[in-house]
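The values are calculated or read from the model by the stated rules, or taken from the named source; none is laboratory data. As the structure is a computational prediction, the values presented were derived from the model and not from experiment. Cβ: placed from backbone, ideal geometry, glycine included. Neighbour counts: every protein chain shown.
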Amino acid sequence: MMESILIVDDDVNLCSFLAEELNAEGYRTYSLTNSDNVTEFLKDKDTDLVLLDLNMPGKDGFQVQQEINNFPGIKPKVIILTAHSDVKSAVQSARLGAYDFICKPYDFGKLLASIRKVIEKSK
């Protein structure tokens, strides 16, 4: 079965780039540029992993991560992608259950390795 990844970032170009690269690696991808629609999306689509930006209009990544934690049933794993890398945010993300905290700009190879590790752990 093809693993699915939801990309949540208000940067449309980043979403498109990540989707293209991850599709080429064999993943099914979905993108949302609005953090307010994440839980509605998860109700309709089986998703293995969420790549989540922290700083977005509307709900921030911490709020979205908390909603994912409270989501009924099987919850997707979360990797945080952010341009605002500070220790406080990394600690808060870890406390909320994020599997990784990756700072932008990031190395795609390192991101891919993290994605593979998270998905392998969840099998």
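Pairs, please: C-beta under 8 Å, at least 6 apart or cross-chain, first residue closer than 22 Å to K117 by Cα and of a type in the set (D, E) and in region 35-51, second modelled with pLDDT of 90 or more and part of a helix (DSSP H, G or I)?
Filtered contacts from region 35-51: D48/I119.
Could you grab me the full set of residues in region 53-75 that are charged (D, E, K, R) and either modelled with pLDDT of 90 or more or in contact with a strand residue (DSSP E or B) (Cβ under 8 Å, 6 or more places away or on another chain) (or both)?
Scanning region 53-75 gives D53, K59, D60, E67.
Consider V50 carefully, then state whether it is hydrophobic (A, V, I, L, M, F, W, C) and either surrounded by fewer than 16 Cβ atoms within 10 Å (Cβ to Cβ) or at pLDDT 95 or above (or both).
yes
Checking the conditions here, which among A98, A113, A94 is among the small types (G, A, S) and surrounded by 14 or more Cβ atoms within 10 Å (Cβ to Cβ)?
Answer to the check: A98.
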